[in-house]
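Enquirer: The structure's right below; bear with me while I get my questions together.
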Amino acid sequence: MEEQAVIVQFDYASDSLDALFEVEERLETAVAAAETGEFDGNEMAVDLSDGSLYLYGPDAEALFASVRPILEAADCLRNVRATLRFGPPEDDTPERVEEISARPDQPERR
């Protein structure tokens, strides 16, 4: 099975990890329900200013479609960029970056 990925980078808008853990639980549930892959975890800056989420599966497009609504609705995430990687982590693997806008009712982080 070819390993594809969705790697999500974001600015973090909370002073604790509780909100991120809630988002991660929703991501895990969505990916399992859609059978599009797996949520593999996060990396966070020590000062909680930004981070990354890692998801893997056989089809990056399907994986992204299953988690995009959760990323769009997450109040704790700002300036979200999802990199869809269409193969293994090598230099010549095709990728596409998707910018995810904040909801209209979501204030921008200052």
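Taken together, the values in this text are just the output of simple stated rules run on the coordinates, not laboratory data. Predicted model, so just to flag it, every value in this text is computed and none were measured. No Cβ is skipped: glycine too gets one built from the backbone with ideal geometry, and neighbour counts run over all protein chains shown.
Enquirer: Which of Ala74, Ala65, Ala30 moves the most in a Gaussian network model of the chain with Cα springs under 10 Å?
Expert: Ala65
Enquirer: When only C-alpha pairs under 8 Å and at least 6 residues apart count, what is the relative contact order of the chain, in percent?
Expert: Result for the chain is 35 percent.
Enquirer: Calculate the spin-label point distance for Ala65 paired with Glu38, positioning each point 7 Å from the Cα along the beta-carbon direction, and give it in nanometres.
Expert: Those two pseudo-labels are separated by 2.3 nm.
Enquirer: Here's another thing I want to ask about it. Just to be sure I understand the model, the point goes 7 Å from the Cα along the line to the Cβ. What's the resulting Glu25 to Asp11 distance in nm?
Expert: 2.8
Enquirer: Continuing with this model, one more query. With the alpha-carbon atoms as the only input, what is the per residue convex hull volume for the chain in Å³?
Expert: Looking at the chain, the number lands at 100 Å³ per residue.
Enquirer: Quick one: net charge around Ala34, please, counting Lys, Arg +1 and Asp, Glu -1 for every other residue with C-beta under 13 Å from its C-beta.
Expert: Result for the neighbourhood of Ala34: -3.
Enquirer: Another question about this same structure. Please compute the modelled spin-label separation between Glu99 and Thr83, points set 7 Å along Cα→Cβ, answer in nm with one decimal.
Expert: Roughly 1.8 nm, to one decimal.
Enquirer: Counting helices only, and only those DSSP H runs with n ≥ 4, report the 222 nm mean residue ellipticity of the chain as the sum of -39,500 (n - 2.57) divided by its residues, in deg cm²/dmol to the nearest 500.
Expert: -9500 deg cm²/dmol
Enquirer: Among the chymotrypsin sites (Phe, Trp or Tyr not before Pro) within segment 10-106, which fall in a DSSP loop and have no more than 15 other Cβ atoms within 10 Å of their own Cβ?
Expert: Phe86
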